[in-house]
1. Do any residues in the stretch 582-605 that are free of Cβ contacts under 8 Å to residues at least 40 places away in the same chain have Cβ atoms under 7 Å from those of residues that are not basic (K, R), where the two are at least six apart or on different chains, and which pairs are they?
2. Which count do you get for residues in the stretch 276-309 that are of a type in the set (D, E) and in contact with a Ser or Thr (Cβ under 6 Å, 6 or more places away or on another chain)?
3. Any chance the stretch 465-472 includes a residue that's farther than 19 Å from W507 by Cα, at pLDDT 85 or above and not hydroxyl-bearing (S, T, Y)?
4. Residue by residue through the stretch 124-141, note down the ones that are within 16 Å of T252 (Cα to Cα), surrounded by 14 or more Cβ atoms within 10 Å (Cβ to Cβ) and out of contact with any Lys or Arg (no Cβ under 9 Å at 6 or more places or on another chain).
5. Give the stretch 271-307 a look and list any residue that's in contact with a helix residue (DSSP H, G or I) (Cβ under 7 Å, 6 or more places away or on another chain) and polar (S, T, N, Q), or say none.
6. Do you know which residues across the stretch 332-346 are outside any loop (DSSP other than H, G, I, E, B) and either of a type outside the set (D, E, K, R) or under 12 Å from I302 (Cβ atoms) (or both)?
7. Look at the stretch 169-207 and say how many of its residues are of a type in the set (F, W, Y), crowded, with 21+ Cβ neighbours inside 10 Å and over 21 Å from the mean Cα position of the chain (by Cα).
8. Between a residue in the stretch 299-323 that is more than 12 Å from P457 (Cα to Cα) and any residue that is among the charged types (D, E, K, R) and modelled with pLDDT of 85 or more, which pairs come within a Cβ distance under 8 Å, given they are 6 or more apart or on different chains?
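The values are calculated or read from the model by the stated rules, or taken from the named source; none is laboratory data. Source: prediction; values computed, not measured. With ideal geometry, Cβ positions are generated from the backbone for all residues, glycine too; neighbour counts draw on all protein chains shown.
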Amino acid sequence: MRMASEPVFLARCLLDDEESQKLQINISKDLTEIVSGWTPTTRVSPIWELFHGGELENSNCQLSIENGFYLCLLCQVSPLVLVDSLPSLRNTAQFYIGLGLFNLIVTVQEERDARVIEAWCNQQEFSWEIWQIVNCQIIHEKRSSPKCRNFRWGPTFPEGAFASDHHGSVTFSLREYVTLMAQAQARCRQATPGFSYVFDAVDDYITQELNSHFQRQADKRKHEGVSHVQALLVSINSGLSRLTSQAYSGSTPISLTESHYWYHSLLGIGSANIALFYLSCFVGDIFNRINIPGLLVICESINDNEISCLGLTGCSQVPHLMSEADSSPIFTNDNLEKLQQFAKTRNLDVQEEWIRAKRSLVPSFSSNNDDQLQNPDKPIYPITFFSGRDGFRNHLLNLSAPLNSVGGCNSLKWSLLTITHEICHSFMSPIMALIYPNPGHSKGSMSLSRLLLSPRPKNLLDALRQLMLRVLNAQDLVYQNPRDPNAGRNINRDTTDDQILLIATRWHRGIEELMVHLLDYLYFYRSDSKEYVYGIWSTWSVMPHVKDRVEDYVLRTMTAVLSSYCFIDDSAVAMESTKTDVLKHLNDLKEMEFLDQHQSLLTVAIDYIQNEWDPKIRNQLIASVPLIKIAHGFLFSRGLREEFCNDTQETFEKGILKTLAISDPLAFVREHQQKEQSKERESTWLLSILSLCYSKISMTDNRF
């Protein structure tokens with residue numbers, strides 16, 4: 001079925017007649033007409049008429065309205081599945097698709113057709129609503145029975161948990177949390193019971209965190225961990241508020257709800273939320289299969305006697321990674337696979353090793369419940385939503401994408417592929433806790449300052465930490481002496497532990513960003529410098545005040561692309577090749593019309609690279625080389641990348657709805673995003689296909 005070239009707008013409002021309290025329905029091709037007659041009760045959503053085969057777009061939307069009709073709204077139903085099951089509807093119904101949770105809208109003239117649709121939905125266990133409309137008024141509403149009629153959610157907190165005099169500022173956030181979670185659980189189980197696992201897992205995590213907080217209160221440790229719990233509640237409340245408003249604003253009864261995304265205020269954007277969630281699940285499920293933080297902990301068990309497990313020819317002791325050549329096999333081999341094999345032969349439980357290590361690294365107030373976040377057997381999926389303020393952002397249990405992606409994700413500027421960067425942040429945080437300098441490392445067998453200068457690290461984890469110390473030391477020297485041609489290679493041998501921790505605090509965000517860009521480049525951009533530069537700079541081009549951060553963005557770009565050349569013997573050639581690639585891609589991107597007014601950003605970036613390459617940018621890159629070695633040698637697996645990059649997809653044509661299954665949603669988005677302006681039709685089509693056709697959901701019930 002083919003989508004119309006332009007949307008029509010489904011609107012409803014209460015009639016001005018106070019006695020009747022009837023709801024008025026309008027389907028109009030003109031949004032201005034609806035807005036000009038807007039009342040406090042008006043709600044609207046764009047919907048796209050669907051046509052069979054070679055049908056022309058000659059629909060007259062007002063015809064059935066004038067004669068009376070039945071408007072059927074179906075929850076997460078493929079129009080092709082409906083038509084294939086009920087072929088008689090081809091000649092008697094008009095079909096529309098939107099981005100609401102109730103995504104399929106069918107209008108029929110005859111009551112018997114409405115009853116056929118109702119019976120089919122009941123048989124297939126799809127939620128539905130049917131509105132009988134006469135003279136543009138809803139005279140009767142009918143809807144499916146709730147799927148979980150007897151379910152009632154309730155918090156499990158100790159008595160007095162909501163008393164403000166006991167728990168201070170946490171109480172107000174807690175009150176908001178329980179009402180938001182109650183709303184999310186109730187609407188979820190009514191419309192999309194397969195989604196309930198997400199809320200259950202998040203609630204279990206929050207409940208355990210809060211009960212730990214209440215126990216500390218009872219033990220008279222009132223100030224321990226308050227800021228942690230408060231931040232957690234504020235974050236999850238924000239996510240739940242937006243998700244319930246966006247997705248479940250379109251849950252039944254639809255006429256009693258509203259979305260705060262006013263262009264979609266009638267039906268909401270539940271399908272778009274589901275598409276975003278599926279992308280997040282796909283990436284998270286694959287990453288959860290291999291516990292990279294746990295494997296890094298295993299490195300602590302690899303000493304001189306065990307180093308042979310990496311299969312390095314002629315290596316009889318833990319290598320001094322700072323002295324290893326860039327082309328050394330230890331940086332180019334698939335060490336994650338070898339670490340898995342080592343753990344198996346030594347009967348080491350990777351998850352338990354990670355839990356043990358984490359308890360020594362996290363603050364004392366953090367409960368062991370944090371380990372759920374990295375538990376592959378019971379993953380906690382983030383609350384996904386769209387945000388006009390946050391844009392692409394990962395924060396604790398939330399994951400957001402820009403609101404503009406709803407109507408523009410066909411374009412590189414608002415591509416959903418950017419979400420992989422934010423997901424990489426969530427997986428990089430525990431890795432940074434292990435190898436980035438912190439006070440806990442100083443309590444080990446060797447101080448940070450001694451480890452920096454040590455010629456013989458005791459185990460492979462210490463060797464990785466030493467390499468990270470080298471990065472910090474070099475980056476700080478380059479920052480202090482940007483024109484010194486040797487700054488990126490020098491070591492400050494007089495640095496104390498306190499100074500290292502101070503430098504680590506200063507550089508933490510910047511180093512984590514570089515590491516995340518490396519992961520994103522290696523796994524999701526498949527080390528394709530052209531695709532990477534086009535993707536990230538198109539996304540950055542629409543960010544406010546982006547020109548103020550060009551230097552940071554250039555360094556992140558250059559560091560990622562350098563990983564394609566870093567492991568050749570001639571470092572000068574690697575640097576020049578990186579510079580040449582990035583400049584070429586930026587210049588090519590600058591010539592593309594879809595960036596229009598944003599092209600000035602690329603001009604600033606190109607000028608900066610050309611004017612500051614030697615020695616400033618080159619020195620920064622030299623200082624970043626150890627990060628590339630860590631990422632490529634110990635965080636990257638070619639086998640794992642293959643699971644993210646399955647480009648064998650069924651053929652889809654833009655604007656044409658099919659029932660084909662998608663096994664790799666990232667590959668689908670990659671294939672259908674374009675170097676073009678944002679187009680609402682193509683974006684609606686892309687989100688609809690993702691929400692209806694993704695075939696590998698780890699939930700027990702994938703009918704959302």
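1. Hits for this filter: L583/I606; L583/I609; N587/I606; K590/Q599; K590/L602; K590/T603.
2. Here is the first cut: in the stretch 276-309, the residues of a type in the set (D, E) are 285, 300, 304, 306.
Cutting the leftovers down to in contact with a Ser or Thr (Cβ under 6 Å, 6 or more places away or on another chain) gives us 285.
Within the stretch 276-309, residues that are of a type in the set (D, E) and in contact with a Ser or Thr (Cβ under 6 Å, 6 or more places away or on another chain) number 1.
3. Applying the first criterion (farther than 19 Å from W507 by Cα) to the stretch 465-472 yields none.
No: the stretch 465-472 contains no residue that is farther than 19 Å from W507 by Cα, at pLDDT 85 or above and not hydroxyl-bearing (S, T, Y).
4. E141, the sole residue that qualifies.
5. Scanning the stretch 271-307 gives S271, N273, S280, N291.
6. Kept after step one, since they are outside any loop (DSSP other than H, G, I, E, B), are these residues of the stretch 332-346: 332, 335-345.
Within the stretch 332-346, T332, N335, L336, K338, L339, Q340, Q341, F342, A343, T345 meet the criteria.
7. Residues flagged as of a type in the set (F, W, Y), crowded, with 21+ Cβ neighbours inside 10 Å and over 21 Å from the mean Cα position of the chain (by Cα) within the stretch 169-207 amount to 1.
8. S301/R346; C309/K338; L310/K338; G311/K338; S316/D304
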